[in-house]
Amino acid sequence: VAEADALAGQIRERFWIPGSAGQPGYFALALDGRKRLVDVVASNMAHLLWCDVASTAQAAEVAAHLVSDHMSSGWGLRTLSTAAGGFNPISYRLGSVWPHDTHLAIEGLRRYGHDDEAMRLADQLLAEGPETGGGVGVGRVRCDLRAARAVVEVCAAGQVGRRQRPGMSMAAIRPCTS
């Protein structure tokens, strides 16, 4: 336990980027090849809530990001902020929505008592899923998400406010019925 606590402290110290200009702080995505912080807001910081790494104050700032328009698509949590230079809502890692990632964020938010924020994200997961055009099939296997009531692995989601249904990512594993 002492080793885990020490590691959590190192993460809090090394990866935390304080807020500025009225924006909340957040955890950097990674370190680059020269050990510099990759200064971008991404869903990965929610994993640190799920693992009880963040301090109470840091968790509150992370929570503000997770439910903001730049991270919350209306269908779930984006992998990368819309404010990031490389944001692409149909890219697997650069802005799409991963329902399992959203679930980790929900559980992490709940661990820190941010139940309202957790419920906002949970409501998004329960919204009508990605448009599949009635189902797709290969051979005799037909995938129809509405009939199966399954959750896709990843979906493409554009800007909040447009409220179009999210598109099924071509990279997604599709739940199927035969």
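Checking Gly74, Gly33 one by one, the residue that is out of contact with any His (no Cβ under 9 Å at 6 or more places or on another chain) and surrounded by fewer than 18 Cβ atoms within 10 Å (Cβ to Cβ) is Gly33 and no other. Restricting region 8-19 to residues that are free of Cβ contacts under 8 Å to residues at least 40 places away in the same chain and in a helix (DSSP H, G or I) leaves a set whose member that is most open to solvent (accessible area, probe 1.4 Å) is Glu13. Note on region 56-165: enclosed helices (runs of 4 or more DSSP H) holding 2 or more residues that are closer than 24 Å to Phe27 by Cβ and at pLDDT 90 or above are 56-66, 99-111, 115-125. Could you look through region 20-33, keep only residues that are free of Cβ contacts under 8 Å to residues at least 40 places away in the same chain and not aliphatic (A, V, I, L, M), and pick out the one that is farthest from Thr82 (Cα to Cα)? Taking the candidates together, the pick is Gly33. Selection of first residues in region 34-50 that are aromatic (Phe, Trp, Tyr) and of second residues that are open to solvent by less than 10 Å² (accessible area, probe 1.4 Å) and part of a loop (DSSP other than H, G, I, E, B), restricted to Cβ pairs under 8 Å at least 6 apart or on distinct chains, gives an empty result.
The values are calculated or read from the model by the stated rules, or taken from the named source; none is laboratory data. Since this is a predicted model, take the numbers as computed values, not measurements. Neighbour counts are summed over all protein chains in view; Cβ atoms, including those assigned to glycine, are modelled from backbone coordinates with ideal geometry. These accessible areas exclude ligands, DNA and RNA; they are computed on the full protein's heavy atoms, side chains included. Shrake-Rupley method; radii C 1.70, N 1.55, O 1.52, S 1.80 Å.
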